[in-house]
Amino acid sequence: MRTHGPPTPVPATIRPSDTLVSVRVSETARLACVAVGFPRPIVQWYRKSKQLPQRSARYATLGDFTLAIRNVTLEDEGIYMCRAYNYHGDPAVLKVSLSVLPSSPSSSRPAWRRRRRGHHSS
């Protein structure tokens, strides 16, 4: 008869998710990092090789390891790295690219709208 011992450790892995996120200026960006393993992985977010704070005025790591960036600016655009580890196996890494769009889509009107003035009907 087999007895149950402690649970078997499982190295941290990151499930596939969106690696390209687009938001408009002043919106909140949410970059997903679905990390699993046993024990539960520790997740850290990085940008330009610097670790981001778990919680600050603009950054927050949510319970599911999603990085929320409040009030996005054009300077926030770039590559973010999620690193998950639990001391069993190598860390898992996911890179997410954040694309920041201008705040208002109506700021550039298509040229075809301006040409209707000269239209004559017979």
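The values are calculated or read from the model by the stated rules, or taken from the named source; none is laboratory data. Just so it is clear, the model here is predicted, and its values are computed rather than measured. Neighbour counts run over all protein chains shown; Cβ positions are idealised from the backbone, glycine included.
Of the residues examined, Ser22 is one that is polar (S, T, N, Q) and touching a Ser or Thr at 6+ places or on another chain (Cβ under 6 Å). I'd like to know if segment 75-98 contains one or more residues that are under 21 Å from Val21 (Cα atoms), over 14 Å from the mean Cα position of the chain (by Cα) and modelled with pLDDT under 95. No, that holds for no residue. So for segment 65-73 (the condition being assigned to a strand (DSSP E or B) and in contact with a helix residue (DSSP H, G or I) (Cβ under 9 Å, 6 or more places away or on another chain)), does at least one residue qualify? Within segment 65-73, one or more residues are assigned to a strand (DSSP E or B) and in contact with a helix residue (DSSP H, G or I) (Cβ under 9 Å, 6 or more places away or on another chain).
Could you please let me know if Ser17 is part of a strand (DSSP E or B) and either under 11 Å from the mean Cα position of the chain (by Cα) or among the hydroxyl-bearing types (Ser, Thr, Tyr) (or both)?
Answer is no for this residue.
The residue pairs whose first member lies in segment 56-84 and is under 12 Å from Ala35 (Cα atoms) and in contact (Cβ under 8 Å) with a residue 40 or more places away in the chain, whose second member is among the polar types (S, T, N, Q) and in a strand (DSSP E or B), and whose beta carbons are closer than 7 Å, counting only pairs six or more residues apart or on different chains, are Arg83/Gln44. The residues of segment 21-49 that are farther than 15 Å from Ile79 by Cβ, free of Cβ contacts under 8 Å to residues at least 60 places away in the same chain and outside any strand (DSSP E or B), listed by number, are Glu27, Thr28, Pro39, Arg40, Pro41.
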